[in-house]
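Asks: I have a structure here, written as structure tokens, and I will follow up with some questions on it.
We did not get these values from a lab; they are worked out from the coordinates using the rules stated. In this text, all values refer to a predicted model and were calculated from it rather than measured experimentally. Because the Cβ atoms are built from the backbone with ideal geometry, glycine has one as well, and the counts that use them run over all protein chains shown.
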Number of protein chains: 2
Amino acid sequence: MLKFELFKDNGKDPAAGQDRSRLGKITTDHGSIETPIFMPVGTVGSVKGVSREDLDQCGAQIILGNTYHLYLRPGCEVIEPMGGLHKFISWDKPMLTDSGGFQFFSLAKLAKFTDEGVNFQSHIDGSRHFFSPEKAVEIQMTLGSDIMMSLDWCMGHPATEKQTVEALNKTTAWAKRGYEYWRSRGAKNNLFGIVQGGMYKEFRSRSAEQITAIDFPGFAIGGLSVGEPTDIMYEMADHTLPLLPDNKPRYIMGVGTPENLVTLVGMGCDMFDCVMPSRNARNGQLFTRTGTINIPNAKFRLDERPVDENCGCYTCQNYSRAYLRHLYKAKELLSYRLNTIHNLHYYLDLMAKMRHAIKESRFAEFKKEFFAERESRA
Amino acid sequence: MLKFELFKDNGKDPAAGQDRSRLGKITTDHGSIETPIFMPVGTVGSVKGVSREDLDQCGAQIILGNTYHLYLRPGCEVIEPMGGLHKFISWDKPMLTDSGGFQFFSLAKLAKFTDEGVNFQSHIDGSRHFFSPEKAVEIQMTLGSDIMMSLDWCMGHPATEKQTVEALNKTTAWAKRGYEYWRSRGAKNNLFGIVQGGMYKEFRSRSAEQITAIDFPGFAIGGLSVGEPTDIMYEMADHTLPLLPDNKPRYIMGVGTPENLVTLVGMGCDMFDCVMPSRNARNGQLFTRTGTINIPNAKFRLDERPVDENCGCYTCQNYSRAYLRHLYKAKELLSYRLNTIHNLHYYLDLMAKMRHAIKESRFAEFKKEFFAERESRA
């Protein structure tokens with residue numbers, strides 16, 4: 001089982017005011033993770049565009065794998081005999097896998113939710129498959145991730161009260177079954193529960209109550225960043241985070257922008273994942289202290305400066321905006337790698353800076369400066 | 001001007017028999033190159049799929065840039081103010097650029113060859129351009145390559161005697177003009193001449209005589225690997241190489257397979273370039289001691305072995321055939337990089353082994369073993 005140490009919890013410190021940021025450490029069989037942390041997404045057994053060494057240099061402490069994708073390709077029938085996901089992809093640090101719930105919502109064809117589980121068709125070849133809460137755990141045990149996620153039903157936005165309650169109820173029932181299955185198997189891997197409840201505070205409260213009644217070693221908030229305005233996402237996170245146990249890691253799934261991360265860390269969230277840094281990199285959008293830049297923009301044609309003059313990443317230490325623009329326009333493979341290295345470094349460095357600020361009891365100031373710097377953008 | 005030292009020339013040693021291999025060193029302003037050497041192709045300012053550090057680790061001593069491609073994109077109007085190609089792409093070792101002649105044959109639309117030069121349309125946007133032999137040198141001086149190539153007229157196979165003679169004559173006339181222009185500009189960059197003459201020994205002889213009458217610091221054989229059978233390619237190389245000066249580097253352009261390299265080194269060739277290792281890597285074809293393997297093949301699905309158990313490359317040291325197959329099938333960007341690293345390492349290691357064998361006066365044995373190993377392929 002994982003160990004979660006909490007070194008600071010401003011949510012319990014009346015002197016911290018609005019600041020509810022936390023500083024902690026999760027220790028797993030594959031090493032420890034400082035929180036708050038961002039997890040780069042390695043969908044199908046590789047973080048798109050970068051290598052293990054690139055991830056190390058960017059400061060990655062844990063990566064995420066997508067159970068839905070890995071189950072379909074290469075499949076457990078490959079990953080199991082190859083010794084599990086860590087060995088197969090040659091990654092020896094912690095790994096988290098999701099349950100597939102989000103992909104049933106976003107990607108799979110014709111997903112049908114029953115009491116038993118989810119029937120769906122592969123987005124790759126249309127083949128038919130079935131996930132039960134037990135099977136979702138079983139697959140993740142085969143993958144061998146350090147942190148597994150309970151099967152959930154993720155809704156889009158908007159969703160009616162009726163739809164939301166149905167998804168919430170199934171998510172709770174599946175969480176119980178997944179938990180029982182996990183305990184019965186005596187697995188070393190950890191299993192986190194997921195709170196749903198759509199954009200209704202009442203249902204978020206109900207889901208949090210039901211899910212936290214199960215003794216998971218950590219809890220996630222799912223079903224955010226599914227099309228709702230940012231204000232509503234913040235409102236739901238702000239409402240739900242305090243309903244999760246203080247002494248266990250809190251993870252908001254699939255969020256978000258740098259601004260989202262800073263805001264949500266301030267609300268007491270410990271873990272994040274998002275495809276944004278890697279996906280945007282492949283689309284030529286690069287993060288800097290003062291906002292994002294679009295590297296294909298003509299104004300960078302003769303720009304000898306690095307993407308961000310204060311950035312210590314491999315890309316900024318070696319290459320100009322002009323060269324990155326050229327590589328992107330010429331669709332050179334190196335473009336995707338250099339851009340992804342920069343964006344992942346930006347995200348992971350932002351998390352490191354937040355941890356440092358929390359440690360020095362100046363997170364509120366950090367947050368203020370962070371947003372001020374972005375408002376001053378050129 | 002470059003310095004060419006020849007440590008061994010079996011072509012001048014009667015005791016060496018059929019073996020005419022040579023061992024040498026070319027020294028340029030950006031460092032030296034051990035010959036015989038293979039030059040990875042960095043078409044448009046990046047060797048597709050790999051970084052500078054990857055190239056270093058693979059043992060690359062010099063890379064090639066394509067003048068036609070770089071002229072069109074990003075263009076001299078970017079590369080010149082950015083301080084030349086070396087600085088722009090962050091590569092500080094030697095670089096060779098071709099003249100564009102091969103791309104007029106293979107890629108450009110509606111190329112029209114006149115006495116003055118070549119009119120052509122960009123394959124990217126159809127825009128019209130003109131290269132004269134002087135302009136080809138001027139562009140390469142702007143790029144700042146260590147070794148520039150004279151503008152030539154490359155023919156396909158088959159070509160009539162009349163076509164071949166016309167191309168040969170223009171190539172000679174352009175070589176003289178390019179040479180005069182180069183001398184008049186007092187450039188530090190070196191300029192090599194190119195022998196043409198199609199698949200006719202008589203015309204190869206005539207072209208070699210005319211081109212070597214010009215005091216270029218090195219000579220290339222162009223117009224091979226343009227669709228002719230391998231036997232004819234070998235016949236032309238075997239006929240032409242001895243017609244080039246002993247005391248200057250000899251370069252066969254655009255060739256070839258590992259078997260080609262071993263055979264042509266045995267005929268006394270010093271320099272090679274080819275897109276084969278990098279292009280084949282992106283198509284999943286990997287080179288090994290016993291021949292090529294197609295990594296998408298189902299038989300590698302559960303294969304825990306590296307591509308080549310005796311290979312010291314990063315890919316073979318870290319990843320299994322099963323993982324490489326998965327990455328390729330899933331079209332992950334990492335696939336292209338890992339495959340390219342392996343293939344380039346294979347090519348550059350093969351050259352290193354040949355240099356070592358020549359040094360130890362056992363190239364003939366090396367060649368025999370090399371071909372025997374491939375015939376024993378599983």
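Asks: If you take the residues in segment B:158-197 that are outside any helix (DSSP H, G or I) and polar (S, T, N, Q), which one is surrounded by the most Cβ atoms within 10 Å (Cβ to Cβ)?
Replies: Ranking the candidates gives B:196 first.
Asks: Filter segment A:358-378 for residues that are touching a helix residue (DSSP H, G or I) at 6+ places or on another chain (Cβ under 7 Å) and of a type in the set (Phe, Trp, Tyr); which is farthest from residue A:277 (Cα to Cα)?
Replies: A:363
Asks: In the list A:267, A:253, which residue meets the criterion of being within 16 Å of residue A:37 (Cβ to Cβ), out of contact with any Lys or Arg (no Cβ under 8 Å at 6 or more places or on another chain), touching a residue at least 40 places away in the same chain (Cβ under 8 Å) and not β-branched (Val, Ile, Thr)?
Replies: So the residue among A:267, A:253 that is within 16 Å of residue A:37 (Cβ to Cβ), out of contact with any Lys or Arg (no Cβ under 8 Å at 6 or more places or on another chain), touching a residue at least 40 places away in the same chain (Cβ under 8 Å) and not β-branched (Val, Ile, Thr) is A:253.
Asks: To continue, here is another question. Somewhere in segment B:348-357, is a residue closer than 21 Å to residue B:273 by Cα, within 10 Å of another protein chain (Cβ to nearest Cβ) and not basic (Lys, Arg)?
Replies: No, because not a single residue in segment B:348-357 is closer than 21 Å to residue B:273 by Cα, within 10 Å of another protein chain (Cβ to nearest Cβ) and not basic (Lys, Arg).
Asks: Name the single residue that is surrounded by the fewest Cβ atoms within 10 Å (Cβ to Cβ) among those in segment B:1-47 being more than 15 Å from residue B:190 (Cβ to Cβ) and basic (Lys, Arg).
Replies: Residue satisfying both the conditions and the ranking: B:12.
Conditions tested, residue by residue: (1) touching a Cys at 6+ places or on another chain (Cβ under 9 Å); (2) farther than 26 Å from residue B:236 by Cβ.
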residue	(1), (2)
B:262	no, no
B:272	no, no
B:302	no, yes
B:313	yes, yes
B:329	no, yes
B:361	no, yes
B:365	no, yes
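Asks: So residue A:320 fits all but one of (1) of a type in the set (Ser, Thr, Tyr); (2) surrounded by fewer than 16 Cβ atoms within 10 Å (Cβ to Cβ); (3) over 25 Å from the mean Cα position of the chain (by Cα); what number is the exception?
Replies: Condition (2) is where residue A:320 drops out.
This table checks each residue for (1) away from chain A (no Cβ under 13 Å); (2) surrounded by fewer than 19 Cβ atoms within 10 Å (Cβ to Cβ); (3) of a type in the set (Asp, Glu).
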| residue | (1), (2), (3) |
| --- | --- |
| B:54 | no, no, yes |
| B:57 | no, yes, no |
| B:65 | no, no, no |
| B:89 | no, no, no |
| B:110 | yes, yes, no |
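Asks: Let me ask something else. Can you tell me which residues in segment B:311-370 are in contact with a Ser or Thr (Cβ under 9 Å, 6 or more places away or on another chain) and among the small types (Gly, Ala, Ser)?
Replies: Residues satisfying the conditions are B:320, B:330, B:335, B:357, B:364.
Asks: Please work out if residue B:302 is over 30 Å from residue B:2 (Cα atoms), surrounded by fewer than 22 Cβ atoms within 10 Å (Cβ to Cβ) and of a type in the set (A, V, I, L, M).
Replies: yes
Asks: Right, here's the next one. Give me the helices (runs of 4 or more DSSP H) completely within segment B:245-345, filtered to those with at least 1 residues that are β-branched (Val, Ile, Thr) and away from chain A (no Cβ under 14 Å), ordered by residue number.
Replies: Ranges flagged: B:258-266.
Asks: Looking at segment A:235-256 only, could you name the residues that are crowded, with 17+ Cβ neighbours inside 10 Å, out of contact with any Pro (no Cβ under 9 Å at 6 or more places or on another chain) and not hydrophobic (A, V, I, L, M, F, W, C)?
Replies: Answer for segment A:235-256, where residues must be crowded, with 17+ Cβ neighbours inside 10 Å, out of contact with any Pro (no Cβ under 9 Å at 6 or more places or on another chain) and not hydrophobic (A, V, I, L, M, F, W, C): A:239, A:240, A:250, A:251, A:254, A:256.
Asks: Can you list residue pairs whose Cβ atoms sit under 6 Å apart, with the first residue in segment B:74-85 being facing chain A (nearest Cβ under 7 Å) and the second being among the small types (Gly, Ala, Ser)? Count only pairs 6 or more apart in sequence or on different chains.
Replies: Correct list of pairs: B:82/A:322.
Let's see how each residue does on (1) farther than 20 Å from residue A:46 by Cβ; (2) without any contact (Cβ under 8 Å) to a residue 24 or more places away in the chain; (3) not hydroxyl-bearing (Ser, Thr, Tyr):
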| residue | (1), (2), (3) |
| --- | --- |
| A:261 | yes, no, yes |
| A:281 | no, no, yes |
| A:308 | yes, no, yes |
| A:341 | no, no, yes |
| A:347 | no, no, no |
| A:353 | yes, yes, yes |
| A:359 | yes, no, yes |
| A:365 | yes, yes, yes |
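Asks: Within segment B:133-174, which residues are in contact with a strand residue (DSSP E or B) (Cβ under 8 Å, 6 or more places away or on another chain) and of a type in the set (Ser, Thr, Tyr)?
Replies: If the condition is that a residue be in contact with a strand residue (DSSP E or B) (Cβ under 8 Å, 6 or more places away or on another chain) and of a type in the set (Ser, Thr, Tyr), then B:145, B:150, B:171 are the ones that fit.
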